[in-house]
Amino acid sequence: MDYREDPLRWRLILGKEIEQQPLFADMKPLEGAWAGMDQSLEFLYGENQSRRGGTGASSPYVAQWLKDIRTYFPTDTVSYLQKEAIEKKGLRQLLLEPETLEKLERNVELAATLIELKHLIPDQTKATARLVIQDTVANLRKKLEQKVAQTVIGAVSRESTPYIKTKQIDFAKTVRHNIKNYQPELNTFIPEKIYFYEQQNKLNDWNVIVCVDQSGSMGTSVVYSSIMGSIFASLNLFQTHLVFFDTEIADMTEYLTDPIDILFGIQLGGGTDINRAVQYCQGLITQPDKTIFILITDLYEGGNQNELLARLAKMREDQVKTLCLLALNDQGRASYDRVLAQEVANLGIPAFACTPNKLIDWVEKIFVGEAK
């Protein structure tokens, strides 16, 4: 094959050093996706020793590299490159030596990387990898749990009703806390505060459905979704469903008590059929006007896009409180299908990337009636 028939492909195959040869001397520097592919391949096969071998493959770079190869290469090539990377000293040390893994800084990116590559992690390191993920989840949950509880319970307390119903009054608690105010001359007591059952029951009819794209690019969103779902479920104030999907569907609701089991029970990667997942979630809705549907996906749809939009429009029409999160991460940024995102937004459904704290604020607005 003559290199002149496809010089860019030959440039990628032969590497940066080939630019020094006369045949490639006139080639312009690679740009855009070509430059991204070249950098990803350089990590595996290049001559730059600072980015291969030893401890050069740091956790942050590994996470970025995994993200890059998913961006620039098809799924079968991504799988091959990951296996190739395991054979390189930097990634091999990261995954094969528990003592190295233990020293890495715990963060959501590392957790997502380990989850994605868990099928490649050898038995002697799996326990350490699970511990790293467990520590990461525990730290993230600790940061979010208090805010969720305060926000949701606070929303319940602020939601007012125009009339007080006697069946909502907790008479036993009201008497117990106000007996000090007994007035003998009136043969009664004047309560300073009335306690209600109503506050703890008013959310029982609500159903929160979190539907998460588990394609490889959604790693950090998957971690945060598992944590948020488990926190919602632990409040016991409303029903919570957690559904993951690629081209298949995994309903993880029964595992909500342990986000670690959830994360080890899913497999990042594969295709994407958002329409099928939304169809499944429609079957979980019993009271549309008391349902919050949170779809977390970058909207790169491999299924029927027209049917997807029709289903989302029907949810909106039925008064389901619907939100499309293009990513759930610390940066509140995402790479996504901008055309489809705009079509979703045109339905009146918010479509944006956000942080976990922003998601909590949005749920609060739903419960106090400030969001539709």
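No lab work stands behind these numbers, since they all come straight from the coordinates. Computed from a predicted structure; not experimentally measured. Positions of Cβ are backbone-derived with ideal geometry, glycine not excepted, and every protein chain shown enters the neighbour counts.
Structure data summary
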| quantity | calculated |
| --- | --- |
| Length gained when the stretch LYS147-ASP258 is fully extended (0.36 nm per residue, less Cα-Cα span) | 38.0 nm |
| Residue pairs, from the table LYS118/LYS314; LYS147/LYS321; LYS118/LYS365; LYS314/LYS365, whose Cα atoms sit over 31 Å apart | LYS118/LYS314; LYS118/LYS365 |
| Residues GLN267 and ASP330, FRET efficiency given R0 of 22 Å [Cβ-Cβ distance, rounded to 0.05] | 0.40 |
| Chain lengthening between GLN64 and GLU105 when straightened (0.36 nm per residue, less Cα-Cα) | 13.2 nm |
| Cβ-derived FRET efficiency at R0 30 Å, ALA127 paired with LEU235, nearest 0.05 | 0.45 |
| Interchain or long-range residues, amide H under 5 Å from THR272's placed H | GLY302 |
| Label-point gap, in nm, between LYS180 and ILE366 - each point 7 angstrom along Cα→Cβ | 4.1 |
| R0 of 56 Å, Cβ-Cβ distance ASP205-TRP34: FRET efficiency to nearest 0.05 | 0.55 |
